[in-house]
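The values are calculated or read from the model by the stated rules, or taken from the named source; none is laboratory data. Here the structure is a predicted model, which is why all the values come from computation and not from measurement. FYI the Cβ positions are ideal-geometry reconstructions off the backbone, even for glycines, and counts take in every protein chain you see.
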Amino acid sequence: MRTDNIFDKYAKQILIVPSLVILIILIMYPTVYLLRMSFSSYDLTSGNPPAFNRIDNLNILIKDKYFWQSMINTILISISAVMVEFILGLSLALIVSGIKKSIFFKTIFIISMMIPPIVIGLNFKLIYDQFGPLNGIFKMLGFSEVGWLTSPGMARISIIMADVWQWTPFMFIIILAGLQSVPDEYYDTAKVDGVGGIKMFLFVTWPMILPSITLAVALRFIEALKLFDIILMITFGGPSGATETLSLYIYRTAFRFGDLGYASFMAFTMLILLSIVITLFLRFVGLRKRLEW
Amino acid sequence: MATISYWKIRKKLSVSIKYLLLFLVLIFFLFPVYWLILTSVKYPGDINSNPIVWITTRLTVDNFKLLFGYKGAVWGEKGYVGRSYMQSIAPFLINSIGIGTISTLIAMILGANFAYGIVRFNFGRQNLYTWLLSLRMIPPVVISIPMFLIFNTFRMLNTWTSLIIAYLLTNIPFVTLMLIGFFKDIPSDIPDAARIDGYTQVGAFYKVVLPLILPGLVAVFIISFLFNWNELLIAATLTTSDASQTFPVFTANFVQVERGTAWGIAAAGGVVGILPVVLLSSYIQKYMLRGLSMGAIR
């Protein structure tokens, strides 16, 4: 064994240090910048340099009803979307798990998850059109036309449906993997003991797939809180701000209205809130434990 | 006897209900894709028309021609002249492919070393893992604002470099997390044996361990590339022209400018956008779950 060679003596440093340093610079520099900008007023349109304004941005934020509205929208849309995805995904997984050709469904569903969200937005804008296919089906079934994107409530539902279309497969595949990892002996033993049907599901299946479910729901919820692309395409936050999410509102404040100081402060607030959510999930869900090496 | 046939019927019924449900679900998931493709090959008059054209043989590739900057007369029949001012999508696709490939490649090189170092030397453990995971979960909008300001001061907005650097911030943690999983699956006897054969630590990694996980490396590359291919928010903030705007930015701008008048062309763009996923899905499908759960599920 050679141990005098630098590729041996300093192997650890050679492998780890470059990436670690680059990663730290890549995250620290923008974070410090964001933090500094959060306590400044800087308007792109005015041309003045950023000026330190202490906690003025916080005072604006507290009174900014649009911010709170977008926060409520984000939470509402995320929770409903993830709930629907979970119920659909679980039911689908339970149905498919008994079928031998489940791989077929997996391949189809994988595609939907990786389609650019922007294309999904475009696609659903077509589908929700007043003269689009969804209203066409409704009319064929004898219902009247629905304004999918015109009322605040319907617009939210439409956004949720698009998200459900893209991400139900994620739930489905993770839960299916969980289901298929339950050993057959468990079911056999339960059968011998005279357990079946709903009881079998509640006392045998459910506890076994619970870790997969919590993981899927946690990951999905964290992602859903960042919802942006689909909304930009389908409703652009409308009607009357009903589908404006945090990401979209911050984006618009920063790059449409040019108020970078205040947008930074909101972004920082969002970062802190999301960190809390992630930390809670890592704790409660045991994500850390699942992933440790 | 009567009871047996009753059970048989009931069982058959429940099976057929099961398949009916599956069929409905399949339609729900396949219809939007079908509709996108159909719209992209329809004549303008057939798009969102009344009555709705569900299926048609009047097909055209003119939408694709226009999408790629064709300037002549199109949509035959009524002698409609195409939007000659329409910008070709080609440079945007090149930007997307170029930026995604370079950023992912750099992230792969850095991330592979990093991940192997972490596994081989038991570096950092849980805290490092949590840190990487949280980096991967930062909302793009939070990254985009300071990145915009930084690249603005360096006069680097609207360049490939700015986007490549910005994407590194999410690519490196992703690649590292994914590869940690792959390296952990390799028993440490293998590099140990290679070292007895005279390789250095680093040499053993490059010559012996890395080739072993080649299929995984390719899959991680593809998934990471696709994430960049799909990314809109950061690209939209850091770019302003076809010098560096990517495919999603093009599509977003196109739809906002055209306000729904050119659905056929927009749909053609959508079809181009999902091509990479469709082409690569069979290869990555084995690793996709790993990718989307950031290595949590093998």
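For the residues B:F225, B:F205, the requirement of being out of contact with any Phe, Trp or Tyr (no Cβ under 9 Å at 6 or more places or on another chain) and touching a residue at least 40 places away in the same chain (Cβ under 8 Å) singles out B:F225. Considering region A:125-138, the residues that are in a helix (DSSP H, G or I) and within 7 Å of chain B (Cβ to nearest Cβ) include one that is surrounded by the fewest Cβ atoms within 10 Å (Cβ to Cβ), namely A:G136. When you check A:P183 against the structure, is it on the phi < 0 side of the Ramachandran plot and more than 7 Å from chain B (Cβ to nearest Cβ), yes or no? For A:P183, the condition - on the phi < 0 side of the Ramachandran plot and more than 7 Å from chain B (Cβ to nearest Cβ) - is met. Of the set (1) more than 7 Å from every other protein chain (Cβ to nearest Cβ); (2) among the β-branched types (V, I, T); (3) over 19 Å from the mean Cα position of the chain (by Cα); (4) closer than 30 Å to A:Y10 by Cβ, all apply to B:V257 but (4).
So which residues in region B:233-254 are without any contact (Cβ under 8 Å) to a residue 60 or more places away in the chain and surrounded by fewer than 23 Cβ atoms within 10 Å (Cβ to Cβ)? Scanning region B:233-254 gives B:A252, B:N253, B:F254.
Pairing residues of region B:101-122 that are more than 7 Å from chain A (Cβ to nearest Cβ) with residues that are part of a helix (DSSP H, G or I) and hydroxyl-bearing (S, T, Y), at Cβ distances under 6 Å and at least 6 apart in sequence or on separate chains, gives B:S103/B:Y167; B:T104/B:S224; B:A115/B:T176. Among the residues of region B:155-165, is there at least one that is of a type in the set (F, W, Y), surrounded by 24 or more Cβ atoms within 10 Å (Cβ to Cβ), modelled with pLDDT of 90 or more and not in a loop (DSSP other than H, G, I, E, B)? Within region B:155-165 (the criterion being of a type in the set (F, W, Y), surrounded by 24 or more Cβ atoms within 10 Å (Cβ to Cβ), modelled with pLDDT of 90 or more and not in a loop (DSSP other than H, G, I, E, B)), the answer is no, since none of the residues qualifies. Sort out which residues of region B:203-214 are assigned to a helix (DSSP H, G or I) and of a type outside the set (F, W, Y), and write them in order of number. Once the filter is applied, which keeps residues that are assigned to a helix (DSSP H, G or I) and of a type outside the set (F, W, Y), region B:203-214 yields B:G203, B:A204, B:K207, B:V208, B:V209, B:L210, B:P211, B:L212, B:L214. Regarding region B:189-202, can at least one residue be identified that is assigned to a helix (DSSP H, G or I), at the interface with another protein chain (Cβ under 7 Å from one of its Cβ atoms), within 25 Å of B:G98 (Cβ to Cβ) and without any contact (Cβ under 8 Å) to a residue 40 or more places away in the chain? No, there is no match, as no residue in region B:189-202 is assigned to a helix (DSSP H, G or I), at the interface with another protein chain (Cβ under 7 Å from one of its Cβ atoms), within 25 Å of B:G98 (Cβ to Cβ) and without any contact (Cβ under 8 Å) to a residue 40 or more places away in the chain. Scanning region B:280-298 for residues being farther than 20 Å from A:F221 by Cβ, buried (at least 19 other Cβ atoms within 10 Å of the Cβ) and modelled with pLDDT under 70 gives a total of 0. Here the condition is being among the hydrophobic types (A, V, I, L, M, F, W, C), at pLDDT 95 or above and not assigned by TED's automatic domain parsing to the domain that holds B:I27; of B:I143, B:I102, it holds for B:I102 alone.
Counted as qualifying within region A:13-118 are the helices (runs of 4 or more DSSP H) with 2 or more residues that are in contact with a helix residue (DSSP H, G or I) (Cβ under 9 Å, 6 or more places away or on another chain) and within 14 Å of another protein chain (Cβ to nearest Cβ), namely A:65-96, A:102-114.
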